[in-house]
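Below is one structure, written out as structure tokens; the observations come after it.
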Amino acid sequence: MENASCVKEFILLGLSENQGVQKVCFVMFLFFYMIIVVGNLLIVITVISSQRLNSPMYFFLCYLSFVDICYSSVTAPKMIADFLVENKTISFVGCIAQLFGVHFFGCTEIFILTVMAYDRYIAICRPLHYTTLMTRRVCGRMVISSWAGGFVHSIVQTLLTTQLPFCGPNKIDHYFCDVHPLLQLACTDTYAVGIIVVANSGMITLSCFFILVMSYIVILVSLKSQTSEGRHKALSTCGSHITVVILFFGPCTFTYIRPSSNLSEDKSVAVFYTVITPMLNPLIYTLRNEEVKSAMRKLWSRKVGNENEKV
């Protein structure tokens, strides 16, 4: 992480410099972050504890919820704390660590969402082969590959950024350290690096999005031959995933597949994929899924029953 920089820390300008707005944002985003942690943790505990939720779909959902907690925890606690302080500083090492975490967990989430679409494709289009194709070992390898892919992507983004010299200014017009804001602060020509960064992020985002779209086109075509009850059940399980994909991929695509020119616009969009989507994921998957709701009720009633026995 050694480079020719004389900058040892950066100043994050955050979402707003207005003191009144910052106080409102502190309460609001603290509430959002609590929902993210509690909601996603509840899904993880429910899936692990329930014997009924042992299908690959819930196996992937468990990891998606875990990634959401990690992903938001990279940026949200720092952003929330900064709403209460005047000097929103972050060390150079801390900044690079945050950049690595954002891209590592963000890219891992993209791969897990893609794997979940493949799982739905096999379940609906090839139901007779589902149990042989989606074994626990295969699902485990898919999750490991998702983590490995996220790590490789993040390492590339991080190494490209750390090689740049930062001589000042050191003010980042964002609420966390990301590639585009840092490229604008580097005291050298970053055109080539910017192209590589966009190509790297764009290739992953667009290729995964293409796989997702093709999966659901094939699924929708295959549903024509099924009964109305089968169509309703299939669309119900796919609806939650499609909603999450749109909420996550839309802002990510807007931010990372183009050279950034308006950082104020980028940081507003970033709120959606770092805070809003991880917060909505548990609500989307539980409100539309009777099996998850039933498992949560049983888990809660079991916990209450155990506490009553102790009393």
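Rule-based calculations on the coordinates, nothing more; no lab input. This one's a predicted model, so the numbers in the text were calculated from it and none came from an experiment. All Cβ positions, even for glycine, are placed from backbone atoms using ideal geometry, and neighbour counts span all protein chains on display.
Obtain the nm distance between the two label points defined at K298 and S228 by a simple spin-label model: each point lies 7 Å from its Cα along the Cα-to-C-beta direction.
3.1
Report relative contact order for the range 171-299 in percent, whole number only (criteria: Cα-Cα under 8 Å, sequence separation at least 6).
Relative contact order of the range 171-299: 30 percent.
Which whole-number percent gives the relative contact order of the chain, counting Cα pairs below 8 Å spaced six or more residues apart?
It comes to 28 percent, rounded to a whole number.
Hey, what's the Cα Rg ratio for the chain versus the globular rule of thumb, 2.2 N^0.38 Å?
With N residues counted in the chain, Rg over 2.2 N^0.38 Å equals 1.09.
Tell me what the chain gives for mean residue ellipticity at 222 nm when only DSSP H runs of n ≥ 4 count, each as -39,500 (n - 2.57), the sum divided by the residue total, rounded to 500 deg cm²/dmol.
Estimated from H runs of four or more residues: -26000 deg cm²/dmol.
Just going by the charge dipole of the chain, with Lys and Arg at +1 and Asp and Glu at -1 on Cβ, which of H129, I43, Q163 is farthest out on the positive end?
H129
Per-residue counts of other Cβ atoms within 10 Å, averaged by peptide: what ranking do you get for 153-161, 97-105, highest first?
97-105, 153-161
If the reach is capped at under 13 angstrom between alpha carbons, list the aspartates and glutamates near K8, excluding any in the same chain fewer than eight residues apart.
none
Among the Cys residues of the chain, which have no other cysteine Cβ under 4.7 angstrom away?
By the Cβ distance rule, which asks for a partner under 4.7 Å, the isolated cysteines are C6, C25, C62, C70, C107, C125, C139, C208, C238, C252.
Based on the Cα gyration tensor of the range 151-240, what are the three equivalent ellipsoid semi-axes, each the root of five times an eigenvalue, rounded to whole Å and given largest first?
Semi-axes (√(5λ), whole Å): 44, 14, 9.
From the square roots a ≥ b ≥ c of the eigenvalues of the alpha-carbon gyration tensor of the range 6-133, which class results: rounded (a/c under 1.5), prolate (a/b over b/c), or oblate?
prolate
Using the structure shown, list the pairs from K267/K293; K23/K293; K78/K267 with a Cα-Cα distance above 25 Å, or answer none.
K267/K293; K23/K293
Under the rule that an exposed site lies in a DSSP loop and has at most 16 other Cβ atoms within 10 Å, name the longest stretch of the chain with no GluC sites (Glu not before Pro) of that kind, not counting the sites themselves.
That would be 87-311.
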